[in-house]
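The values are calculated or read from the model by the stated rules, or taken from the named source; none is laboratory data. Worth saying up front: this structure is predicted, and the values here are computed from it rather than measured. Here the Cβ is made from the backbone with ideal geometry for all residues, glycine too, and neighbour counts use every protein chain on show.
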Amino acid sequence: MKLVKPVAADRLSALLRQMPKAELHIHIEGSLEPELIFALAKRNAVQLPYASVDALRSAYAFTNLQSFLDIYYAGASVLITEQDFYDMAMAYFARAAEDNVIHAELFFDPQTHTARGVSMETVINGLHRACVDAQAELGVSASLILCFLRHLSEEEAFETLEQALPYRDKLIGIGLDSGEVGNPPEKFARVFARCRELGFHLVAHAGEEGPPAYVWTALDVLKVERIDHGVQSSKDALLMQRLAKDRIALTVCPLSNLKLCVFPDLASHNLRQLLEAGLAATVNSDDPAYFGGYLNENFTQTFAATQLNAGHAYTLARNSFEASFIGASAKKRHIDRLNAYFENFC
Ligand SMILES: [Zn+2]
């Protein structure tokens, strides 16, 4: 492990903001800001159940995952055309570039859209075109991970997979999201086995609100390569050993955990515990428009609340590149850039 020199507290925020980093847990529909929701509603003549941008924003006081999901699906209802999906993703990429995100792997929920009559082609083509332009215009590399909604059936996941296969070359992986409790990973054992045969990278949300048992089955039944969230793993010592031994990355989202009451406050967050147990934890924004902050806010607020230091910053950024699904040469290039950044800063 690289030795990182200490950085004074008043410079730590600048270090966190400027360091190059990857974001591996961002639901692109969760980046829709209220202003863009209203603009797209107007463009598409969609009626919203909120009178104004302020009324919508003030509804973002969640008590748990489900209370968030109800508003999240209402917000996504304004997305109709390929251009809407493109505009949503480009708005995220512009914001991510400001945070010095140089690589992003975007989750999207096609079932939220196909259920409303929007075609898979519209969704994927709009998002993919934004990924291409993000590289050309902003220097942000990006790829797409299709997520199945776990509150729906495995049969519906299979149908979604079939609809997506013509666009296989525009997708890097498959994930699993939405309401976790009562929808364990093993509910999707067969469809994930099929996705594995097809050569997709595999990830799943597990251990956000759900028990450590869900992390075990995501690993052993679904055979995922990363766990999204996974913060409940700290309740199971054997699981912590397994995650550390196999270098399974956790895509942790501190402000999301705070907003959805997974932890009572940021000072109680277990990110430090995960890192100090040798787990490949990363920091991510999840649904930044809804949870009060993009990636740099997640870093700076969590570091301030839990007294993490420059060494932790380096580890988290390095983990984000190592856990990404980019090729070996790009990975090395990004890590070299990170090393150079720390050499110059410290
Ligand atoms: Zn998530």
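Quick rundown of the values:
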{"quantity": "All positions within segment 95-140 that are of a type outside the set (Gly, Ala, Ser), in contact with an Asp or Glu (Cβ under 8 Å, 6 or more places away or on another chain) and within 16 Å of the ligand (Cβ to nearest atom)", "calculated": "105, 107, 108, 109, 111, 112"}
{"quantity": "Selection from segment 158-172 of residues that are under 18 Å from residue 105 (Cβ atoms) and either in a helix (DSSP H, G or I) or within 14 Å of the ligand (Cβ to nearest atom) (or both)", "calculated": "164, 167, 168, 169, 170"}
{"quantity": "Any hit, segment 207-224, residues being of a type in the set (S, T, N, Q), part of a helix (DSSP H, G or I) and more than 16 Å from the chain's Cα centre (by Cα)", "calculated": "yes"}
{"quantity": "When residues of segment 177-206 are limited to those that are charged (D, E, K, R) and either more than 19 Å from residue 252 (Cβ to Cβ) or part of a strand (DSSP E or B) (or both), the one farthest from the ligand (Cβ to nearest atom)", "calculated": "197"}
{"quantity": "Residue in segment 227-239 that is within 13 Å of the chain's Cα centre (by Cα) and at negative phi present", "calculated": "yes"}
{"quantity": "Boolean, residue 62 is within 16 Å of the ligand (Cβ to nearest atom) and in a loop (DSSP other than H, G, I, E, B)", "calculated": "yes"}
{"quantity": "Boolean, residue 297 is at pLDDT 95 or above, surrounded by fewer than 22 Cβ atoms within 10 Å (Cβ to Cβ), acidic (Asp, Glu) and out of contact with any Gly (no Cβ under 8 Å at 6 or more places or on another chain)", "calculated": "yes"}
{"quantity": "Residue among 238, 258 that is buried (at least 18 other Cβ atoms within 10 Å of the Cβ) and either closer than 26 Å to residue 214 by Cβ or in contact with a helix residue (DSSP H, G or I) (Cβ under 8 Å, 6 or more places away or on another chain) (or both)", "calculated": "258"}
{"quantity": "Residue 173 vs. criteria crowded, with 16+ Cβ neighbours inside 10 Å and either under 20 Å from the mean Cα position of the chain (by Cα) or among the small types (Gly, Ala, Ser) (or both)", "calculated": "yes"}
{"quantity": "Selected residue (criterion: nearest to residue 147 (Cα to Cα)) from residues of segment 23-35 that are more than 16 Å from the ligand (Cβ to nearest atom) and crowded, with 19+ Cβ neighbours inside 10 Å", "calculated": "33"}
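One line per residue, one yes/no per condition, for (1) within 16 Å of the chain's Cα centre (by Cα); (2) buried (at least 21 other Cβ atoms within 10 Å of the Cβ); (3) among the basic types (Lys, Arg):
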{"position": "79", "(1), (2), (3)": "no, yes, no"}
{"position": "85", "(1), (2), (3)": "no, yes, no"}
{"position": "93", "(1), (2), (3)": "yes, yes, no"}
{"position": "106", "(1), (2), (3)": "yes, yes, no"}
{"position": "110", "(1), (2), (3)": "yes, yes, no"}
{"position": "116", "(1), (2), (3)": "no, no, yes"}
